[in-house]
Amino acid sequence: MARILVVEDDELVSRSIVRGLRDAGHEFVVASSVEQAQAVTGTFALGVFDYRLTDGLGTEVAEALLSSGQVSAVVFFTSHHLETHLGPVVLKPDWLALRATIESLLLER
């Protein structure tokens, strides 16, 4: 079981991600904005980030949390074609690919 941060501003998408994490036995914390993500405490094995959030970019908060050591790895789950060195990008709504990517990243730890 891993502790995972979910940063997603769409409540339906967030609930779907959380359902998959719960079914896989993971613990999770949900933030619906950059501000909320910056305020979380503790460390996370993984962060799942949307790219465009209501108050900023998921890439920026992901980079900050990686740099601080608060998040060990990231995956972006977005509808935008995105290139980033921070972690893999899974296009919405490919839930199976997201779950496989999460499990793969956790195994690498």
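Between Leu12 and Leu107, what's the calculated FRET efficiency when r is the beta-carbon distance and R0 is 35 Å? Round to 0.05.
According to the calculation, E is roughly 0.80.
Give me the extension gain from Ser33 to Leu57: residue separation times 0.36 nm, minus the current Cα-Cα distance, reported in nm with one decimal.
In short, 7.7 nm is gained.
Can you give the accessible area per residue of region 9-109, in Å², using a 1.4 Å probe?
With the other protein chains kept in place, region 9-109 gives 55 Å² per residue.
With springs only between Cα atoms under 10 Å, which of Gly20, Gly56, Gly42 fluctuates most in a Gaussian network model of the chain?
Evaluated over the chain, the most mobile residue of the options is Gly42.
How much mean residue ellipticity at 222 nm does the chain get from its helices, if each DSSP H run of length 4 or more adds -39500 (n - 2.57) and you divide by all residues, to the nearest 500 deg cm²/dmol?
-12000 deg cm²/dmol
Kyte-Doolittle cut-off -1.0, length cut-off 30 Å along the helix's own axis using Cα: show which whole DSSP H helices in the chain pass.
Going by DSSP H runs, there are no hits.
With unit charges on the beta carbons (Lys and Arg positive, Asp and Glu negative) and the dipole taken about the Cα centre of the chain, which residue among Thr78, Leu105, Phe49 sits farthest to the positive side?
Final value for the positive-end residue is Leu105.
The values are calculated or read from the model by the stated rules, or taken from the named source; none is laboratory data. Just so it is clear, the structure is predicted and the values come from calculations on it, not from any experiment. So basically every Cβ, Gly included, is an ideal-geometry build from the backbone, and we count neighbours across all protein chains shown. These area figures cover heavy atoms from the full protein model, side chains too; ligands, DNA and RNA do not enter into them. Shrake-Rupley method; radii C 1.70, N 1.55, O 1.52, S 1.80 Å.
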